[in-house]
Each structure stands twice: as structure tokens, then as C-alpha cells.
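Here the structure is laid out as C-alpha cells; the discussion comes afterwards.
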Amino acid sequence: MAEHWIYLIPLAVVAYFLWSRRSASATDVKDLLAKGAQIVDVRSKAEFKAAAHPKSINIPLDELEKGAKKLDPAKPVLVCCASGSRSASAVMLLKRKGFKEVLNIGTWQRIRSLLP
């Protein structure tokens, strides 16, 4: 019977990952923007340079561990990338670092519809 529990651990990890990948609703994003949310684009420097929202800052995912000190942990953080996958990883990393309000907004283009 105890050996059945071993299968639940990977299943729980996968379920959490899928849950954390979901993008924030437009209402959530607008509310956090009203609170002065920071928009962090975790794409590569080259991707960011090619096209990005002017109110976002670029901290590539592979630099986020150290680059998180550029962010104010007291303010909400909206994380974006090209598809939503890297931003999902970034959300988990920032939450582990103690950031409380961190949301995956998915693609960087999504913010255009919410913020002029």
C-alpha cells in the first residue's frame, strides 16, 4: 500500500506546474497594474530588443535568480515571455524568493491590450 504513494508525488508536481502555468485573468492584470505592478519580460535580450512593451523591463529567465534584486518585492510582478512557459518558471522562482504577488500574463503582446 505504501508504494502507491510514490506515484502521487510526480503527479502532484505535474499538477502544480500545469496550475501555475495558467495565465492571469484580464481583471487580475488590470487590478495589479493599478497597484503599480512591475512588468518583467523574461525572454532573451535579443528577443526583447526585437520587440517589447515599452513599460516592461527585461530580465532573461537565466539571469532572474540574480536579477530579481532589481525588482521591488513589495510591488506586484507581472511576468511575460513569448509563449507563457518561461514566465511560468519565472513565477515559481520569484515566489521562492519571497515575492507575494506574482502572475504569469503569458505572451508579452497580451499586455498591449491591457496597458496603452
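The values are calculated or read from the model by the stated rules, or taken from the named source; none is laboratory data. This one's a predicted model, so the numbers in the text were calculated from it and none came from an experiment. In this analysis, Cβ positions are derived from the backbone assuming ideal geometry, glycine residues included, and neighbour counts consider all displayed protein chains.
Residue count for segment 89-116 under the criterion of being assigned to a helix (DSSP H, G or I), within 15 Å of residue 28 (Cβ to Cβ) and of a type in the set (Gly, Ala, Ser): the result is 1. Inspect segment 29-36 for any residue being in a loop (DSSP other than H, G, I, E, B) and at pLDDT below 90 and give the result as yes or no. Among the residues of segment 29-36, at least one is in a loop (DSSP other than H, G, I, E, B) and at pLDDT below 90, which makes the answer yes. Which one of the conditions (1) part of a loop (DSSP other than H, G, I, E, B); (2) at pLDDT below 95 does residue 80 fail to meet, given that it meets all the rest? With (1) part of a loop (DSSP other than H, G, I, E, B); (2) at pLDDT below 95 applied to residue 80, the lone miss is (1). Within segment 38-65, residues that are under 19 Å from residue 112 (Cα atoms) reach partners that are assigned to a helix (DSSP H, G or I) and among the hydroxyl-bearing types (Ser, Thr, Tyr) with beta carbons closer than 6 Å, at six or more positions or on different chains, in the pairs 42/87.
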